[in-house]
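The values are calculated or read from the model by the stated rules, or taken from the named source; none is laboratory data. Owing to the predicted nature of the structure, the values given are computational and were not obtained by experimental measurement. Note: ideal-geometry Cβ built from the backbone for every residue, glycine included; neighbour counts use all protein chains shown. We work out accessible area using only protein heavy atoms, side chains counted, and drop any ligands, DNA or RNA first. Shrake-Rupley method; radii C 1.70, N 1.55, O 1.52, S 1.80 Å.
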Amino acid sequence: MAKLLFLSLLLQACFSLSLCHDKIPAVLIFGDSTVDTGNNNYIATLLRANHVPYGVNFIGGSATGRFSDGLLVPDLLASALGIKEAVPPFLNPRLSDEDIRTGVCFASAGSGLDDLTTVVSRVIPMSKQTEMLKQYLERLKRIVGEEEASKIASNALILISAGTNDLIFNFYDIPTRRFQYDINGYQDFLLGKLKSLIQEIYSQGGRKFIVSGLAPIGCVPMQRNINFLDRSCSEKENDDAKAYNSKLQKLLTELQDSLPGSRLGYGDIFNPVTDMLNNPSKYGFDETTRGCCGTGYIEMGPSCSALSRSLSCSDPSKFMFWDSVHPSQAVCKVVVKKFLDDVILALYN
């Protein structure tokens, strides 16, 4: 019943402004594990989620490489907009022509705006994801012709979600970049990389963007472990995320003014996640401080495995977090509803 109500609300938002497959022909996804639908399955990295208990609530209950118990934001968006049920990873060798026509995901779990973020994990940096876009567009042109490919690219919904890994793995937990930058300087460095990324996608024909801000990073279960006595949120990290988001919104306004025909929307993650943390019962959550997988304090990727399955929760929808880093499908549903209401309708209206 809850799933049907959710889909009904999303489709109402879509149809209210005739926003479905006729206006949004495809979705193109760039970023990290919050939006990676399985690209890491096809590269030489240990950072994968193609094993149990990942995917327990996915279509058919299969682990596809999504760092979640079920669907991610790209899948839920594509479904709500009437495009397709789930967004395939671009590296899947079995992509059909229809998969290409309606959009793919270039994101890679563990990635970031800073190329240094991917050195140890050997995943796909954001700078390489735009090269994958070029390959995608070439194949799209072969399928539908150059004119139609250009039309699809200019009307596709482009989602970018990145930045969290850069801060956690290069600044907070492993302070590599702290030898070069203070937090203000590193934020500016990341936003410079993001600016270049958007300009590159624009140069390849992309025009309509949602760029996600940062969530309250300090409340992620793994980051709570820093305050091991009470596992409270790191307010310093949350304040840093808010400061980054303010800068991001300013950047998007400036970029839209400088890129003719572009529409750039800010995807607010911070406020809805904060509301879920502060008012869990409003969203049906019983647990907000640890993940469902295993103990919920440290498990993620390889450590969230069959060995931890016996410790995992029985109902992930009651948990805000699926593992110690990633949100549950239930959280993604809330985020998608907000994106539809606050951003996507404005991009295409």
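Taking Val325 as the residue in question, decide whether it is closer than 30 Å to Asn155 by Cβ, at pLDDT 95 or above and within 17 Å of the chain's Cα centre (by Cα).
The answer is no for Val325.
Among the residues of the range 307-328, what is the count of those that are outside any loop (DSSP other than H, G, I, E, B) and surrounded by 22 or more Cβ atoms within 10 Å (Cβ to Cβ)?
Qualifying residue count, the range 307-328: 5.
Suppose the filter is open to solvent by 20 Å² or more (accessible area, probe 1.4 Å), in contact (Cβ under 8 Å) with a residue 12 or more places away in the chain and within 15 Å of the chain's Cα centre (by Cα); does Ala63 pass it?
Against the criterion (open to solvent by 20 Å² or more (accessible area, probe 1.4 Å), in contact (Cβ under 8 Å) with a residue 12 or more places away in the chain and within 15 Å of the chain's Cα centre (by Cα)), Ala63 does not qualify.
Scan Glu85, Glu131 and give me the residue that is of a type outside the set (A, V, I, L, M), more than 30 Å from Ile183 (Cα to Cα), open to solvent by 50 Å² or more (accessible area, probe 1.4 Å) and under 20 Å from the mean Cα position of the chain (by Cα).
Glu85
For the list (1) assigned to a helix (DSSP H, G or I); (2) open to solvent by 20 Å² or more (accessible area, probe 1.4 Å), I need the number of the one condition that Pro74 fails.
Just one mismatch for Pro74, condition (2).
Can you pull out the residues in the range 254-270 that are of a type in the set (Gly, Ala, Ser) and open to solvent by 20 Å² or more (accessible area, probe 1.4 Å)?
Within the range 254-270, Ser258, Gly261 meet the criteria.
Any chance the range 160-171 includes a residue that's modelled with pLDDT of 95 or more, hydroxyl-bearing (Ser, Thr, Tyr) and over 18 Å from the mean Cα position of the chain (by Cα)?
Among the residues of the range 160-171, not one is modelled with pLDDT of 95 or more, hydroxyl-bearing (Ser, Thr, Tyr) and over 18 Å from the mean Cα position of the chain (by Cα), which makes the answer no.
Considering only the range 214-248, state which residues are polar (S, T, N, Q) and buried (at least 16 other Cβ atoms within 10 Å of the Cβ).
Gln223, Ser234, Asn238, Asn245
If you check Leu167, Leu157, Leu190, Leu140, which single one turns out to be within 24 Å of Pro260 (Cβ to Cβ), touching a residue at least 60 places away in the same chain (Cβ under 8 Å) and hydrophobic (A, V, I, L, M, F, W, C)?
Unique residue meeting the criteria: Leu157.
Suppose we keep only residues that are among the small types (Gly, Ala, Ser) and in contact (Cβ under 8 Å) with a residue 24 or more places away in the chain within the range 271-293. Which one would you say is most open to solvent (accessible area, probe 1.4 Å)?
Selected residue: Gly284.
Mind listing whichever residues of the range 77-98 are outside any loop (DSSP other than H, G, I, E, B) and closer than 17 Å to Ile344 by Cα?
Within the range 77-98, Leu77, Ala78, Ser79, Ala80 qualify.
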